[in-house]
Amino acid sequence: MLPAAAAEPDADQLLRQMSDKLSSARSFSFKAYREIDPALLAGTPAAEKACIRASVLRPNKLAAHAKTNLGGRHFYADGRTLSLLDEKANTYATLPMHTNIDGVVAALDERYGFTPPLAEFAVSNPYRGIRQQAQSVAYVGREKVAAGFLGLAGVECHRLALKGKIADAELWIAVNNSLPRKLVATFRRAGHPQVRISFSSWNLAAAVTEAEFAFTPPKGAEKIEMWTPAQMASASKKVAARKN
(Lines give C-alpha, C1' and ligand atoms only; values in the text may rest on other atoms or scores of the structure.)
Protein backbone atom coordinates (compact mmCIF):
# COMPACT_ATOMS: atom_id res chain seq x y z
CA MET A 1 0.00 0.00 0.00
CA LEU A 2 1.41 3.37 -1.00
CA PRO A 3 1.88 6.00 1.76
CA ALA A 4 -0.62 8.85 1.78
CA ALA A 5 0.62 12.00 0.10
CA ALA A 6 1.62 14.76 2.48
CA ALA A 7 -0.93 17.54 2.74
CA GLU A 8 -0.01 20.70 0.87
CA PRO A 9 0.87 23.58 3.23
CA ASP A 10 -1.83 26.19 3.82
CA ALA A 11 -0.71 29.32 1.94
CA ASP A 12 -2.79 31.68 4.04
CA GLN A 13 -1.44 30.15 7.26
CA LEU A 14 2.14 30.56 6.03
CA LEU A 15 1.41 34.22 5.35
CA ARG A 16 -0.03 34.62 8.86
CA GLN A 17 3.04 32.96 10.37
CA MET A 18 5.33 35.39 8.55
CA SER A 19 3.20 38.31 9.73
CA ASP A 20 3.18 37.09 13.34
CA LYS A 21 6.96 36.67 13.31
CA LEU A 22 7.49 40.25 12.16
CA SER A 23 4.80 41.88 14.30
CA SER A 24 6.06 40.19 17.48
CA ALA A 25 9.54 41.70 17.12
CA ARG A 26 9.82 44.99 19.02
CA SER A 27 12.98 46.01 17.20
CA PHE A 28 14.39 44.56 14.02
CA SER A 29 16.46 45.36 10.96
CA PHE A 30 16.95 43.91 7.50
CA LYS A 31 18.46 44.61 4.10
CA ALA A 32 16.92 44.33 0.66
CA TYR A 33 17.94 44.66 -2.95
CA ARG A 34 15.15 46.09 -5.10
CA GLU A 35 14.73 46.57 -8.86
CA ILE A 36 11.86 48.60 -10.35
CA ASP A 37 11.23 48.47 -14.10
CA PRO A 38 11.25 51.89 -15.82
CA ALA A 39 7.58 51.65 -16.87
CA LEU A 40 6.70 52.04 -13.17
CA LEU A 41 8.85 55.15 -12.75
CA ALA A 42 8.09 58.71 -13.78
CA GLY A 43 10.55 60.60 -15.93
CA THR A 44 13.31 58.02 -16.31
CA PRO A 45 14.05 55.44 -19.03
CA ALA A 46 16.20 53.32 -16.72
CA ALA A 47 15.27 50.77 -14.10
CA GLU A 48 15.88 51.79 -10.51
CA LYS A 49 18.21 49.49 -8.59
CA ALA A 50 18.42 50.06 -4.86
CA CYS A 51 20.18 48.61 -1.84
CA ILE A 52 17.95 49.31 1.15
CA ARG A 53 18.66 49.17 4.90
CA ALA A 54 15.67 49.36 7.20
CA SER A 55 15.39 49.59 11.00
CA VAL A 56 12.24 49.37 13.10
CA LEU A 57 11.59 50.19 16.75
CA ARG A 58 7.97 49.66 17.65
CA PRO A 59 5.56 51.28 18.01
CA ASN A 60 6.55 54.50 16.23
CA LYS A 61 10.08 54.52 14.80
CA LEU A 62 11.11 53.57 11.29
CA ALA A 63 14.20 54.41 9.25
CA ALA A 64 14.99 53.35 5.68
CA HIS A 65 18.07 54.19 3.62
CA ALA A 66 18.13 53.49 -0.11
CA LYS A 67 21.30 53.74 -2.21
CA THR A 68 20.17 53.74 -5.82
CA ASN A 69 21.55 54.32 -9.30
CA LEU A 70 19.36 57.45 -9.32
CA GLY A 71 20.76 58.79 -6.04
CA GLY A 72 20.48 58.16 -2.32
CA ARG A 73 17.23 58.63 -0.42
CA HIS A 74 16.63 58.49 3.32
CA PHE A 75 13.45 58.21 5.38
CA TYR A 76 13.12 58.86 9.12
CA ALA A 77 10.06 58.63 11.38
CA ASP A 78 10.78 59.14 15.09
CA GLY A 79 7.25 59.28 16.48
CA ARG A 80 7.05 63.06 16.27
CA THR A 81 8.46 64.09 12.90
CA LEU A 82 8.76 62.56 9.46
CA SER A 83 11.88 63.52 7.48
CA LEU A 84 12.84 62.75 3.88
CA LEU A 85 16.26 63.44 2.34
CA ASP A 86 17.22 63.33 -1.35
CA GLU A 87 21.03 63.14 -1.48
CA LYS A 88 21.37 63.90 -5.19
CA ALA A 89 19.28 67.07 -5.03
CA ASN A 90 20.57 67.83 -1.51
CA THR A 91 17.03 68.68 -0.42
CA TYR A 92 14.92 67.55 2.50
CA ALA A 93 11.38 67.85 3.79
CA THR A 94 9.94 67.44 7.26
CA LEU A 95 6.38 66.97 8.46
CA PRO A 96 4.86 66.76 11.94
CA MET A 97 3.82 63.13 12.35
CA HIS A 98 2.78 62.31 15.93
CA THR A 99 1.70 58.74 15.31
CA ASN A 100 2.90 55.16 15.16
CA ILE A 101 4.32 53.35 12.14
CA ASP A 102 0.87 52.32 10.92
CA GLY A 103 -0.28 55.94 11.14
CA VAL A 104 2.73 57.21 9.20
CA VAL A 105 2.18 54.69 6.40
CA ALA A 106 -1.54 55.46 6.18
CA ALA A 107 -1.05 59.25 6.23
CA LEU A 108 1.60 59.21 3.49
CA ASP A 109 -0.46 56.93 1.29
CA GLU A 110 -3.60 59.05 1.72
CA ARG A 111 -2.06 62.51 1.39
CA TYR A 112 0.96 61.98 -0.84
CA GLY A 113 0.35 58.74 -2.72
CA PHE A 114 3.45 56.85 -1.59
CA THR A 115 4.65 54.74 1.32
CA PRO A 116 8.11 54.28 2.88
CA PRO A 117 10.34 51.61 1.31
CA LEU A 118 9.11 48.11 2.23
CA ALA A 119 6.81 49.55 4.90
CA GLU A 120 4.35 46.67 4.38
CA PHE A 121 6.76 44.52 6.42
CA ALA A 122 7.16 47.08 9.24
CA VAL A 123 3.50 47.74 10.09
CA SER A 124 1.89 46.10 13.12
CA ASN A 125 -0.03 43.54 11.04
CA PRO A 126 1.68 42.77 7.69
CA TYR A 127 -0.89 40.04 6.95
CA ARG A 128 -3.80 42.50 6.97
CA GLY A 129 -2.10 44.91 4.56
CA ILE A 130 -1.03 42.17 2.16
CA ARG A 131 -4.48 40.56 2.12
CA GLN A 132 -6.10 43.93 1.41
CA GLN A 133 -4.12 43.95 -1.84
CA ALA A 134 -4.31 40.21 -2.62
CA GLN A 135 -7.68 38.75 -3.55
CA SER A 136 -6.34 35.22 -3.24
CA VAL A 137 -3.31 33.36 -1.93
CA ALA A 138 -2.18 29.99 -3.29
CA TYR A 139 0.66 27.61 -2.53
CA VAL A 140 3.00 27.05 -5.48
CA GLY A 141 5.65 24.77 -3.97
CA ARG A 142 9.09 24.79 -2.38
CA GLU A 143 12.09 26.38 -4.04
CA LYS A 144 15.55 27.51 -3.05
CA VAL A 145 16.43 31.22 -3.13
CA ALA A 146 20.09 32.15 -3.64
CA ALA A 147 21.89 33.49 -0.56
CA GLY A 148 25.38 33.96 0.81
CA PHE A 149 28.61 34.55 -1.10
CA LEU A 150 27.93 34.53 -4.86
CA GLY A 151 24.49 33.14 -4.09
CA LEU A 152 25.91 29.68 -3.46
CA ALA A 153 24.05 29.09 -0.18
CA GLY A 154 20.44 28.47 -1.11
CA VAL A 155 17.59 29.04 1.35
CA GLU A 156 14.65 26.64 1.12
CA CYS A 157 11.43 28.62 0.79
CA HIS A 158 7.69 28.21 0.51
CA ARG A 159 6.55 29.93 -2.67
CA LEU A 160 3.18 31.70 -2.57
CA ALA A 161 1.16 33.25 -5.42
CA LEU A 162 -0.80 36.40 -4.55
CA LYS A 163 -3.44 37.58 -7.01
CA GLY A 164 -4.52 41.23 -6.94
CA LYS A 165 -6.42 43.80 -8.98
CA ILE A 166 -3.39 45.94 -9.77
CA ALA A 167 -0.63 43.34 -9.70
CA ASP A 168 0.05 39.66 -9.16
CA ALA A 169 2.93 38.74 -6.87
CA GLU A 170 5.00 35.78 -5.81
CA LEU A 171 6.38 35.71 -2.29
CA TRP A 172 9.09 33.35 -1.05
CA ILE A 173 9.03 32.67 2.72
CA ALA A 174 11.93 30.80 4.33
CA VAL A 175 11.00 27.35 5.61
CA ASN A 176 13.38 27.55 8.59
CA ASN A 177 12.28 30.89 10.11
CA SER A 178 9.08 32.12 8.34
CA LEU A 179 10.78 35.33 7.13
CA PRO A 180 10.38 36.78 3.62
CA ARG A 181 13.31 36.15 1.27
CA LYS A 182 12.01 37.27 -2.13
CA LEU A 183 9.08 39.15 -3.64
CA VAL A 184 8.26 39.65 -7.33
CA ALA A 185 5.25 41.81 -8.25
CA THR A 186 4.05 41.85 -11.87
CA PHE A 187 1.71 44.71 -12.74
CA ARG A 188 -1.38 44.38 -14.91
CA ARG A 189 -0.41 46.87 -17.60
CA ALA A 190 1.30 46.94 -20.97
CA GLY A 191 4.64 45.16 -20.91
CA HIS A 192 3.94 43.58 -17.51
CA PRO A 193 6.53 45.65 -15.60
CA GLN A 194 7.85 44.24 -12.34
CA VAL A 195 9.21 45.10 -8.94
CA ARG A 196 11.75 42.51 -7.75
CA ILE A 197 12.99 42.39 -4.15
CA SER A 198 15.49 40.09 -2.42
CA PHE A 199 15.68 40.20 1.40
CA SER A 200 18.68 39.42 3.60
CA SER A 201 20.31 40.05 6.99
CA TRP A 202 17.14 39.76 9.05
CA ASN A 203 17.78 40.52 12.74
CA LEU A 204 14.67 40.29 14.90
CA ALA A 205 16.59 41.27 18.03
CA ALA A 206 18.48 44.22 16.58
CA ALA A 207 19.99 46.57 19.14
CA VAL A 208 18.68 49.69 17.42
CA THR A 209 18.98 53.02 19.25
CA GLU A 210 17.01 56.26 19.24
CA ALA A 211 19.87 57.88 17.31
CA GLU A 212 19.14 55.74 14.25
CA PHE A 213 15.81 57.53 13.80
CA ALA A 214 17.03 61.07 14.44
CA PHE A 215 17.45 63.26 11.36
CA THR A 216 20.00 66.07 11.06
CA PRO A 217 20.02 67.95 7.72
CA PRO A 218 23.37 67.74 5.87
CA LYS A 219 25.38 70.90 5.54
CA GLY A 220 24.05 73.06 2.72
CA ALA A 221 20.88 71.02 2.24
CA GLU A 222 17.80 73.01 1.20
CA LYS A 223 14.51 72.52 3.01
CA ILE A 224 11.58 72.16 0.62
CA GLU A 225 7.84 71.68 0.91
CA MET A 226 6.39 68.22 0.24
CA TRP A 227 3.59 68.53 -2.30
CA THR A 228 0.52 66.36 -2.60
CA PRO A 229 -0.33 64.85 -6.02
CA ALA A 230 -3.07 67.49 -6.39
CA GLN A 231 -0.57 70.32 -5.78
CA MET A 232 1.85 68.84 -8.32
CA ALA A 233 -0.90 68.48 -10.92
CA SER A 234 -1.98 72.07 -10.35
CA ALA A 235 1.58 73.34 -10.74
CA SER A 236 2.01 71.34 -13.97
CA LYS A 237 -1.16 72.88 -15.41
CA LYS A 238 0.08 76.38 -14.60
CA VAL A 239 3.43 75.70 -16.29
CA ALA A 240 1.66 74.30 -19.37
CA ALA A 241 -0.68 77.32 -19.51
CA ARG A 242 2.28 79.72 -19.46
CA LYS A 243 3.93 77.87 -22.36
CA ASN A 244 0.75 78.20 -24.39
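For the reader, a short list of remarks on this structure follows.
- For the range 109-163 versus the range 34-53, the inter-centroid distance based on Cα atoms is 18 Å.
- Loop chymotrypsin sites (Phe, Trp or Tyr not before Pro), the range 78-159, which have at most 13 other Cβ atoms in a 10 Å radius of their Cβ (DSSP): 114
- Sum of side-chain charges, residue 62 neighbourhood, beta-carbon under 11 Å (Lys, Arg +1; Asp, Glu -1): -1
- Three-way shape call for the range 170-244 based on the alpha-carbon gyration tensor, with the a/c threshold at 1.5: oblate
- Taken per residue, the accessible surface of the range 29-80 reaches 42 Å², heavy atoms only and a 1.4 Å probe.
- Lysines whose Cα lies under 21 Å from that of residue 163, excluding same-chain neighbours fewer than 8 positions away: 182
- Within-9-Å neighbourhood charge of residue 195 [Cβ basis; K, R +1; D, E -1]: 0
- Shape category assigned to the range 57-131 from the gyration tensor of Cα positions, a/c cut at 1.5: prolate
- Once the C-beta distance of residue 67 and residue 144 is scaled by a Förster radius of 22 Å, the resulting FRET efficiency is 0.20 to the nearest 0.05.
- Rounded if a/c under 1.5, otherwise prolate or oblate - the range 149-194, Cα gyration tensor axes: oblate
- Neighbour-limited loop hits for trypsin sites (Lys or Arg not before Pro), the range 154-199 (at most 14 other Cβ within 10 Å; DSSP other than H, G, I, E, B): 165, 188, 189
- For the range 101-233: accessible area per residue (Å², 1.4 Å): 56
- Applying a DSSP loop filter and a limit of 16 other Cβ atoms within 10 Å to the trypsin sites (Lys or Arg not before Pro) in the range 38-139 leaves 80, 88.
- Accessible-area composition of the range 71-195, carbon plus sulfur, in percent [1.4 Å probe]: 50
- For the chain, the longest principal axis of the alpha carbon atoms and the long axis of helix 11-23 meet at an angle near 50°.
- The label-point distance for residue 234 and residue 88, in a model that sets each label 7 Å from Cα toward Cβ, rounds to 2.8 nm.
- Helical contribution to [θ] at 222 nm, DSSP H n ≥ 4, -39,500 (n - 2.57), averaged over the chain, rounded to 500: -6000 deg cm²/dmol
The values are calculated or read from the model by the stated rules, or taken from the named source; none is laboratory data. Computed from a prediction, not measured in an experiment: that's the story for all the values here. When we count neighbours, we look across all protein chains shown, and the Cβ atoms used for this are built from the backbone with ideal geometry, even at glycine. For accessibility, only protein heavy atoms count, side chains too; no ligands or nucleic acids. Shrake-Rupley method; radii C 1.70, N 1.55, O 1.52, S 1.80 Å.
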